[in-house]
Ligand code: SME
């Protein structure tokens, strides 16, 4: 039995609390950290945001990952371009999967929206095939909604020196 058990409600409450920090980078870093810490069997949790021509890596937890993803590439590109969540039980059966971490076997990608426009994605990887349930997907979609309502995610990269 783990020493600390997080319920979905605990996780959402922590995400909301981390949104209340004064800098977006710090909030995103802490949100990726709490998801990684609270949810078992994950190996990568992080964010990609639209920079105007592609998706660009934001704060994350896990091994170093690809820094740029074309809009139409990978699970992230599919979720972003179609503005829809993706639950992939076995990434090796997803023909265009981008393998940033060879340990990843299952993946959820959820769009991040602001003012009804998709601005980036939350990407979660697991080393276990079939790791994710519809309840997990719903939790990550609720995380996305809390972030949309409490963070300034529009033009995340545009005002930075890229
Ligand atoms: N697997 C993703 C790429 C990002 S990494 O998993 C961190 C994809 O296929 O889009």
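Anyone know which of 61, 134, 114 comes out most mobile in the 10 Å Cα GNM of the chain?
134
Taking springs between alpha-carbon atoms closer than 10 angstrom, which of 64, 111, 127 fluctuates most in the Gaussian network model of the chain?
So, out of 64, 111, 127, the one fluctuating most is 64.
Hey, in the GNM for the chain with a 10 angstrom Cα cutoff, which one of 12, 139, 42 fluctuates hardest?
Taking springs between Cα atoms under 10 Å, the residue moving most is 139.
Using the beta-carbon distance between residue 95 and residue 142 and R0 = 30 Å, what value does 1/(1 + (r/R0)^6) give for FRET efficiency, to the nearest 0.05?
With R0 = 30 Å, the Cβ-Cβ based efficiency is 0.50.
Taking R0 as 22 Å, what FRET efficiency do you get between residue 134 and residue 103 from their Cβ-Cβ distance, rounded to the nearest 0.05? Before the final figure, lay out each step's value.
Working: r = 24 Å, r/R0 = 1.08.
Calculated value: 0.40.
Scaled to the compact-protein estimate 2.2 N^0.38 Å, what is the alpha-carbon radius of gyration of segment 36-89, rounded to two decimal places?
Taking N as the residue count of segment 36-89, the ratio is 1.18.
Would you calculate a helix-derived [θ] at 222 nm for the chain, using -39,500 (n - 2.57) for each DSSP H run of n ≥ 4 and dividing by the full residue count, to the nearest 500?
That comes out to -10500 deg cm²/dmol.
Treating the Cα atoms of the chain as identical point scatterers in vacuum, please give the log10 of the normalised Debye intensity I(q)/I(0) at q = 0.13, 0.15 Å⁻¹, two decimals.
For the requested q values the scattering log ratios are -0.55, -0.74.
Can you tell me, using C-alpha contacts under 8 Å and at least 6 residues apart, the relative contact order of the chain as a whole percent?
In percent, rounded to a whole number, it is 23.
Read the figures in this text as sums done on the coordinates, not as results from a lab. Predicted model, so just to flag it, every value in this text is computed and none were measured. Every residue, glycine as well, gets a Cβ built from its backbone with ideal geometry; the counts of neighbours run over all protein chains shown.
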